[in-house]
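Bear in mind that the values in this text are calculations on the coordinates, not laboratory data. None of the values given here were measured: they were computed from a predicted structure. FYI the Cβ positions are ideal-geometry reconstructions off the backbone, even for glycines, and counts take in every protein chain you see.
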Amino acid sequence: MAFIPFAAVRREPASLLFSLMLFVLGLLIQSLAVADSLRVEDAMKERVRACTACHGKEGVATNQGYFPRIAGKPAVYLYNQLRHFREGRRQNPAMRHLLAHMSDAYLMDIAQYFSALELPYPPPEPTTVTLRLLARGEQLVRQGDKQRDIPACTACHGAAMTGRLPATPGLLGLPRDYVVAQIGAWRTGSRHAEAPDCMAQVARRLSNGDIHAVSQWLAAQPVPSVGHPAAPGRQNTGIACKGDAH
């Protein structure tokens with residue numbers, strides 16, 4: 001039997017332990033690398049995936065149907081609408097169920113996520129209505145109807161109709177049917193905002209022909225290349241308004 005120095009016997013367990021530690025460290029590094037490759041790049045993007053089922057990928061939607069684009073809308077506007085759905089000021093059972101247990105802070109996180117998205121708009125919807133009807137729609141949008149105390153849409157929604165900070169949305173790039181449905185909801189009271197609710201007053205002053213003309217003209221307009229909301233400004237409508245009622 002060969003003689004093994006006692007010192008070598010004592011060093012061997014230490015060498016094995018060191019090798020084992022290197023092996024475990026290698027496994028740990030490898031697992032962390034795999035985990036990093038699987039990490040969700042944008043947690044909020046994943047959490048709002050339910051929204052895209054109706055509002056389209058990244059909240060872009062389309063220019064047809066009843067689901068509006070939410071990408072790029074003012075954050076305060078989106079936040080207010082989420083609260084209105086949750087609290088019943090806007091009627092949509094699916095939205096109310098989805099938002100029922102979400103806190104105000106989380107609703108603001110959602111609103112800020114979609115508001116920050118800058119994505120291209122689809123081309124405007126084709127229209128077959130008469131030029132006379134389109135001219136009436138443009139008149140209501142840009143000038144209103146003073147004889148009937150109907151303010152211009154631009155007074156609140158901005159000269160370019162791309163909205164106004166902090167809480168008024170743009171009206172371009174929306175589906176025609178959606179615009180008609182929302183004005184109708186204002187008229188019947190199934191949609192309303194916190195008092196004073198100026199949009200409800202405006203909607204009740206519009207005739208069916210007015211609504212048809214306005215929705216046709218809005219849907220036929222291209223969105224400016226820079227479709228950002230206008231800076232905050234005073235809304236000179238002659239009607240008391242909370243400022244988030246759209």
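Using θ = phi - 60° in the Karplus curve 6.51 cos²θ - 1.76 cosθ + 1.60, the 3J(HN,Hα) couplings for the range 140-147 round to 5, 5, 8, 10, x, 9, 5, 5 Hz; x is entered for Gly and Pro. The loop-placed chymotrypsin sites (Phe, Trp or Tyr not before Pro) in the range 64-142, going by DSSP, that have at most 13 neighbouring Cβ atoms within 10 Å of their Cβ come out as TYR66. Between amide H atoms placed 1.01 Å from N, distances below 5 Å from ARG191 occur with TRP186, all of them 5 or more places distant or on a separate chain.
Ordered by packing density, taken as the mean number of other Cβ atoms within 10 Å over each peptide's residues, highest first, how do 216-229, 140-153 rank?
Details: 216-229: 17.8, 140-153: 16.3.
My ranking of the peptides, most packed first, is 216-229, 140-153.
Ignoring lysines fewer than eight residues from LYS57 along the same chain, the ones with Cα atoms less than 17 angstrom from its Cα are LYS45, LYS73.
In this label model, THR130 and TYR106 are separated by 5.3 nm, measuring between points 7 Å along each Cα→Cβ vector. Each of CYS241, CYS54 was scored by other Cβ atoms within 10 Å of its Cβ. Listed from fewest to most, they are CYS54, CYS241.
Please work out how much length the chain gains when fully extended from GLU46 to GLN91, using 0.36 nm per residue of separation minus the C-alpha to C-alpha distance, in nm with one decimal. Intermediate values should be presented prior to the final figure.
Numbers: separation 45, 0.36 × 45 = 16.20 nm, distance 2.58 nm.
Value of the extension gain: 13.6 nm.
Hey, got the dipole for the range 45-219? About the Cα centre, +1 on K and R Cβ, -1 on D and E Cβ, debye to the nearest 20?
Values: 22 positive and 14 negative charges, 48 e Å.
Using only the charged Cβ atoms, the result is roughly 240 debye.
Using Cβ contacts closer than 10 Å as the measure, can you line up SER115, SER207 from fewest to most? Don't skip to the end; give the middle numbers.
On the way: SER115 20, SER207 11.
Taking fewest neighbouring Cβ atoms as first place, the list is SER207, SER115.
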